[in-house]
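The values are calculated or read from the model by the stated rules, or taken from the named source; none is laboratory data. Computed from a prediction, not measured in an experiment: that's the story for all the values here. Cβ coordinates were reconstructed from backbone atoms using ideal geometry, including for glycine residues, and neighbour counts include every protein chain displayed. All accessible areas refer to the heavy atoms of the entire protein, side chains included, with ligands and DNA or RNA removed. Shrake-Rupley method; radii C 1.70, N 1.55, O 1.52, S 1.80 Å.
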Amino acid sequence: MDSIRIRCPKCNWEADGQPHWVCTCGHDWDTFSTGGRCPSCGKQWDDTQCVEKKIGGCQQFSPHLDWYENLDIIVDEVMEELKEKV
Ligand SMILES: [Zn+2]
Ligand SMILES: [Zn+2]
């Protein structure tokens, strides 16, 4: 499957795999490696904040799933496969 690009839906900053996100428990990690869940305390983050402006982001919160580009296409493909099976 093609790799999914992950980028901020508001400013198009692209996630670079670095641990930019800090949980309320103090743990920092790459939120996209765990689908928005803190690996330390297990808190699920439904919204993901963009990175600091000095790194190129906008610091605005967006729903975690909105960050995944082409997610609609993948969902459509899965739906098509399901239709074919029925
Ligand atoms: Zn945590
Ligand atoms: Zn942004």
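Counting only residues at least eight positions apart within a chain, or on another chain, the lysines with an alpha carbon under 18 Å from that of Lys53 are Lys10. Counted residue by residue at 0.36 nm each, then reduced by the alpha carbon distance between them, the extension gain from Asp30 to Ile4 reaches 7.8 nm. Which residue, chosen from His27, Asn70, Gln60, occupies the Cα position most advanced towards the positive end of the dipole of the chain, where the dipole is computed from +1 (Lys, Arg) and -1 (Asp, Glu) charges on Cβ about the Cα centre? It is His27.
Identify the trypsin sites (Lys or Arg not before Pro) of the chain meeting these criteria: DSSP loop state and at most 16 other C-beta atoms within 10 Å of the C-beta.
Taking the chain and a limit of 16 other Cβ atoms within 10 Å, the loop trypsin sites (Lys or Arg not before Pro) found are Arg5, Lys10, Lys43.
Computed over the chain, the P(r) curve from all C-alpha pair distances, binned at 5 Å from the origin, holds 3, 14, 22, 21, 16, 11, 6, 4, 2, 0, 0 percent per bin. Take every pair of alpha-carbon atoms less than 8 Å apart whose residues are at least six positions apart; their mean separation over the length of region 21-85 yields a relative contact order of 18 percent.
Rounded to the nearest 20, the size of the Cβ-charge dipole of region 21-85 about its Cα centre is 420 debye, with Lys and Arg at +1 and Asp and Glu at -1. Each of Glu84 and Lys54 was given a label point 7 Å from its Cα along the Cα-to-Cβ line. The distance between the two points is 5.1 nm.
Using the rule -39500 (n - 2.57) for each DSSP H run of four or more residues, divided by the residues of the chain, the 222 nm mean residue ellipticity is -5500 deg cm²/dmol.
Please report the accessible area of Glu81 (heavy atoms, 1.4 Å probe, ligands and nucleic acids excluded) in Å², nearest 10. About 110 Å², ignoring ligands and nucleic acids.
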